[in-house]
1. Under a straight-distance cross-link criterion of Cα-Cα below 22 Å, which lysines are reachable from Lys43, leaving out those fewer than 8 residues away in the same chain?
2. Given that compact globular proteins tend to follow 2.2 N^0.38 Å, what is the ratio of the alpha-carbon Rg of the chain to that value?
3. Using a 1.4 Å probe and ignoring any ligands, DNA or RNA, find the accessible area of Ser27 and quote it in Å² to the nearest 10.
4. In the chain, which longest range has no trypsin sites (Lys or Arg not before Pro) that are both DSSP loop (not H, G, I, E or B) and surrounded by at most 14 other Cβ atoms within 10 Å?
5. Quick one: if you stick a label point 7 Å off each Cα along the C-beta vector at Ser104 and Ser25, how many nm between them?
6. Who wins for biggest fluctuation among Val78, Val24, Val12 in a Gaussian network model of the chain, springs between alpha carbons below 10 Å?
7. Aspartates and glutamates near Lys75 by alpha-carbon distance under 17 Å, same-chain residues fewer than 8 away left out - which ones?
8. In a GNM of the chain with a 10 Å cut-off on Cα contacts, which of Ala60, Ala49, Ala35 has the highest mean-square fluctuation?
Amino acid sequence: QVQLVESGGGLVQPGGSLRLSCVVSTSMFSIYTMAWYRQAPGKQRELVASITSGGTTNYADSVKGRSTISRDNAKNTVYLQMNMLKPEDTAVYYCNTPTGLFSSWGQGTQVTVSS
């Protein structure tokens, strides 16, 4: 069973930055389109960014221009660099494929933006 392990979250002031990481335990990592999601309290999980095997990226309007998704296939890792963070970015962040292919979601990493 594929495991997803997210890290890099924390408490940051508005305007700050964080780099999230997600290690995916599959030897086939390089062929998958990967995505970052977030879920704020009381809200549905939202897909915020994706990256194809070829490096094509897409972003939700809520993070576009402030975030960069990237991947390192040699490390089976997908990253989300988040800049100019806002209080509304506060959420638990998860990774998976855009279709939620990997059934066992990780624990996520908490991002809290507050002064």
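1. Lys64, Lys86
2. Scaled against compact globular proteins, the figure is 0.98.
3. Solvent-accessible area, nearest 10 Å²: 110 Å².
4. That would be 65-115.
5. According to this spin-label approximation, the distance is 0.5 nm.
6. Checking each option, the largest mean-square fluctuation is seen for Val12.
7. Leaving aside aspartates and glutamates fewer than 8 places away in the same chain, those within reach of Lys75 are Glu6.
8. Among Ala60, Ala49, Ala35, the largest GNM mean-square fluctuation belongs to Ala60.
The values are calculated or read from the model by the stated rules, or taken from the named source; none is laboratory data. Everything quoted here is computed from the prediction, not taken from an experiment. Counting neighbours? That spans all protein chains shown, and the Cβs are built from the backbone with ideal geometry, glycine included. What goes into the accessible areas is simple: the full protein's heavy atoms, side chains included, and nothing from ligands, DNA or RNA. Shrake-Rupley method; radii C 1.70, N 1.55, O 1.52, S 1.80 Å.
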